[in-house]
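One structure is given below, encoded as structure tokens.
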Amino acid sequence: MAGKPKLHYTNGRGKMESIRWLLAAAGVEFEEEFIETKEDLEKLRNDGSLLFQQVPMVEIDGMKMVQTRAILSYIAAKHNLYGKDLKERAWIDMYVEGTTDLMGMIMYLPFQPAEAKEKNLALIIERATARYFPAYEKVLKDHGHDYLVGNKLSWADIHLLEAILMAEECKPDILSAFPLLQAFKGRISNIPTIKKFLQPGSQRKPPADEKFIAHVKKIFNM
Amino acid sequence: MSGKPKLHYFNGRGRMESIRWLLAAAGVEFDECFLETRDDLLKLQKSGALLFQQVPMVEIDGMKMVQTRAIGNYIAAKYNLYGKDLKERALIDMYVEAIIDLDELLMMYALQPADKKEQYLANIVDKATNRYFPVYEKVLKDQGQDFLVGNQLSRADVQLLEALLMAEEYKSDILAKFPLLQSFKARISNVPTIKKFLQPGSQRKPPLQEKDLPKVMKIFNLGQ
């Protein structure tokens, strides 16, 4: 009954990418069914498969889960990536919400009007280097551990690595003022399951190009 | 050492309101420290009290918690409003995330330019009555129970009630087609802690008045 989780989304990063990262880091194999056309999305909606008519949707453990954070929390808890108690979970939640905000800005960049792109990119870089990265650098500095919370790999570490790599795609030297984050990046990237996910041929998706953005806009009526 | 939780925000609903609801529903007394000016926010930022320079911030159990969802998760789990196991939590999370989406839509209404307001309101009503409310109506219908998850009060019920009442402020008959949501609304409003919160004099905040919008925009440096 419990087969592999099955992911329903477009063949690109979007809101599903963090879920792919988490499953991969947890060593969980998963299948993907890609929405290629508007009709594919309509079919999922008409099937009653999408609780709020939206994707991401992940079939997992007999549930058709929707809402990105709900899915991520479930996977994290199930695979021991959510800390050992309520307080550790609180810190993980706080850190993940920060990286979610940062990655959200980067994700929406291609969907902003062209004239605002330069300004928005500058804002992303400012937020990354003045708001978010300093916070995580300080966390690592203050406790001197390898991981953000509880001296053990958690969802927060995986999410931060994803955010760092995405930010570097915006500006390759964006970590130049953050030595501990650079070391963190090297360290977490070397975890076997994550290392595997970072290699070509994995289910990790590339950044969206112009053509893909147009394709997505069409499917979601944007 | 751990006194009452202390909430840092401006004196209005915004992103702090669902946290006030949750604490009140759990019967937890809390203090509030209101940001009145931009300087108040800057002072808080400079003090290092805000992990990402943002509010809401809640001092609770020795932590200075930020990020609305993180705070909500912690309170719900601490006060047994988060279901009994992983699967119930998954359902609660799904329901709550959608409610947050709807809340977000409602919250952004005040920031719309005057000529866009009518269309925006139509969109809110459409999403509420065609996407969100039918789901919760169906959940209640299929289960025939008093609460959304696990036959006991959870965060999902508290946050749904909050959203229903907020939606009615935009269109008073918005629940016309949803008899089970109407009885749900009455039932959850009668839970003693919630009933108390709904009475005048509680820490529940009123909707944002047009005249207060400039002050809020100034504190958060919005829309210059």
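List of remarks:
- For A:Y132, the shell of other residues with beta-carbons less than 12 Å away shows a net charge of -1, using +1 for Lys and Arg and -1 for Asp and Glu.
- Net dipole in debye of chain B [+1 Lys, Arg Cβ; -1 Asp, Glu Cβ; about Cα centre; nearest 20]: 220 debye
- Distance between the pseudo-spin-label points of B:V135 and A:S189 (7 Å out from Cα toward the beta carbon): 3.7 nm.
- Gain on full extension, evaluated as 0.36 nm per residue between B:S172 and B:L121 minus their Cα-Cα distance, stands at 17.1 nm.
- Förster radius 35 Å - calculated FRET efficiency between A:I125 and A:L86 (Cβ-Cβ, nearest 0.05): 0.50
- From the Kirkwood radius over Cα pairs of chain B, Stokes-Einstein at 20 °C and 1.002 mPa s returns a whole-number translational diffusion coefficient of 116 µm²/s.
- Dipole of the protein assembly as shown [Lys/Arg +1, Asp/Glu -1 at C-beta], most positive-end residue of B:I194, A:G14, A:L109: B:I194
- Computed over chain B, relative contact order equals 27 percent, with contacts defined as Cα pairs under 8 Å that lie 6+ residues apart.
- Förster radius 35 Å - calculated FRET efficiency between B:F34 and A:K152 (Cβ-Cβ, nearest 0.05): 0.35
- Semi-axis lengths (Å, descending) of the ellipsoid that matches the C-alpha gyration tensor of the range B:131-224: 30, 16, 13
- Two-site FRET efficiency, B:K84 against A:L109, from Cβ-Cβ distance with R₀ of 45 Å, rounded to 0.05: 0.65
- Cross-link pairs A:K64/A:K211; A:K6/A:K78; A:K152/A:K185; A:K78/B:K84 - those with Cα-Cα distance over 20 Å: A:K64/A:K211
- Proximal lysines to B:K171, defined as alpha-carbon separation beneath 20 angstrom and excluding residues fewer than eight positions away on the same chain: B:K116, B:K117, B:K127, B:K185, B:K205
- Here the Gaussian network model covers chain B, with springs between Cα atoms less than 10 Å apart; of B:M166, B:M108, B:M65, B:M108 fluctuates the most.
- Those aspartates and glutamates that a straight Cα-Cα span of less than 13 Å connects to B:K4, excepting residues fewer than 8 apart in one chain: B:E29, B:D31, B:E32, B:E59, B:D61
- With 24 Å as the limit on Cα-Cα distance, the pairs of A:K138/A:K171; A:K84/B:K138; A:K117/B:K43 that go past it are A:K84/B:K138; A:K117/B:K43.
- Measuring nothing but how far apart in sequence close Cα pairs (under 8 Å, 6+ apart) lie, relative to its length, chain A scores a relative contact order of 26 percent.
- Exercise: per-residue mean of other protein chain Cβ atoms within 10 Å, B:172-181: 0
- Charged-residue dipole, Cβ positions (Lys, Arg, Asp, Glu), the protein assembly as shown about Cα centre, Debye nearest 20: 460 debye
- Computed over the protein assembly as shown, the percent of Cα pairs more than 30 Å apart is 46.
- Note on chain B: dipole from Cβ charges, positive end direction compared against B:Q209, B:T37, B:M166; the farthest Cα belongs to B:T37.
- Note on the range B:83-126: Rg/Rh from Cα positions, Kirkwood definition for Rh, rounded to two decimals, is 1.24.
- Full-stretch length increase - A:D40, A:V28 - with 0.36 nm per residue and alpha-carbon distance subtracted: 1.7 nm
- Binning all Cα-Cα separations of chain A at 5 Å, short to long from zero, yields these whole-percent fractions: 1, 6, 14, 18, 19, 17, 13, 8, 3, 1, 0.
A short reminder: the numbers here are calculations on the coordinates, not readings from a lab. Everything numeric in this text was worked out from a predicted model, so none of it was measured. Methodologically, a virtual Cβ is constructed for each residue, glycine included, from the backbone with ideal geometry; neighbour enumeration extends over all protein chains shown.
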